[in-house]
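K.L.:
Next up is a structure, given as structure tokens.
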Amino acid sequence: MKSIQTSLSRVFHNGNIVCFEFDLEATSPVNSGQYVMAHRVGDFLPTPLFPSGMTGLYFTSATPIDSPWQPGDLFRLRYPLGKGFTIQKKTPSRLLMVSGTENPLRLLPAAGMVLADQGAVAFFGYHQPDDLPVEIEVLTRDQLSEALTWADCVIGDTSYENLAVWNGLVRDSMSGSTYDIQVLVDTPMVCMGMAECGVCAVKTRHGWKHACVDGPVFPLAELDV
Ligand code: FES
């Protein structure tokens, strides 16, 4: 695990989501679905931030925040934290993203990877990011069932409270097929990924797990929904 000090270089919006760019190298320091703990110098608590956008080079929080952070602010970043999405290397790959949160931007680094490998990507969600690349097909609710048959990889995001709803949405649209579905589960994460406080507990078929270290991306089949 790395811990570096760097500065915030840019703050911008994508819809109602605040996006942060740090002074980093030209590749994302974490994989899609993993996170960094961003601690502004002088603040009491750090904030978990996820790589976002097609390149994963900017970061967003799980839910929209009203941030006082300004370009030039100094941060300590700890990364990589947690387990992210595993995208099987297939050419061409057919990736379906099903978003159940206000921030589908966190799914896009996986889409960027698949498109770079000449794969195809489709998206369903009630909150659509601004500037979604034209290569990504945006689906309606009615098209979801067919897309689940088409996809060879399904990823998504949801709050823990809405996990059952998200699961119902996906399973209702499946026609008996089984997929390696992976879902990013949003929980509070306050102890800097140390698995000490327990607020991120997620119930699985193998007992309670900590989203901050065992997730936040879990195989759907593992979750006790
Ligand atoms: S955030 Fe504290 S145990 Fe996971």
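K.L.:
Only one of these is part of a loop (DSSP other than H, G, I, E, B), surrounded by fewer than 17 Cβ atoms within 10 Å (Cβ to Cβ), modelled with pLDDT of 95 or more and at positive phi: Gly42, Gly72. Name it.
P.N.:
Gly72
K.L.:
Which one of the conditions (1) over 21 Å from Ile87 (Cα atoms); (2) of a type in the set (Val, Ile, Thr); (3) touching a residue at least 60 places away in the same chain (Cβ under 8 Å); (4) away from the ligand (no atom under 15 Å from the Cβ) does Val170 fail to meet, given that it meets all the rest?
P.N.:
(1)
K.L.:
Somewhere in region 160-167, is a residue within 16 Å of the ligand (Cβ to nearest atom) and at pLDDT below 95? Walk me through it before giving the result.
P.N.:
Taking region 160-167 and keeping what is within 16 Å of the ligand (Cβ to nearest atom), we get 160.
If we keep only those that are at pLDDT below 95 too, we end up with 160.
Within region 160-167, one or more residues are within 16 Å of the ligand (Cβ to nearest atom) and at pLDDT below 95.
K.L.:
Shifting gears a bit: Can you name the condition, by its number, that Phe75 falls short on among (1) within 21 Å of Phe218 (Cβ to Cβ); (2) over 14 Å from the mean Cα position of the chain (by Cα); (3) not assigned by TED's automatic domain parsing to the domain that holds Asp180?
P.N.:
Single failed check for Phe75: (1).
K.L.:
Among the residues of region 191-224, what is the count of those that are surrounded by 17 or more Cβ atoms within 10 Å (Cβ to Cβ) and either modelled with pLDDT under 90 or part of a loop (DSSP other than H, G, I, E, B) (or both)?
P.N.:
The total comes to 4.
K.L.:
For Cys200, indicate whether it is within 12 Å of the ligand (Cβ to nearest atom) and of a type outside the set (A, V, I, L, M).
P.N.:
In short, yes.
K.L.:
Which residue out of Ala111, Ala147 is of a type in the set (Gly, Ala, Ser), under 28 Å from Thr55 (Cβ atoms) and more than 15 Å from the chain's Cα centre (by Cα)?
P.N.:
Only one candidate passes the filter, namely Ala147.
The values are calculated or read from the model by the stated rules, or taken from the named source; none is laboratory data. The shown structure was predicted, so the numbers you read here are calculated from the model rather than taken from an experiment. Here Cβ is always computed from backbone atoms with ideal geometry, including for glycine, and neighbour counts include all displayed protein chains.
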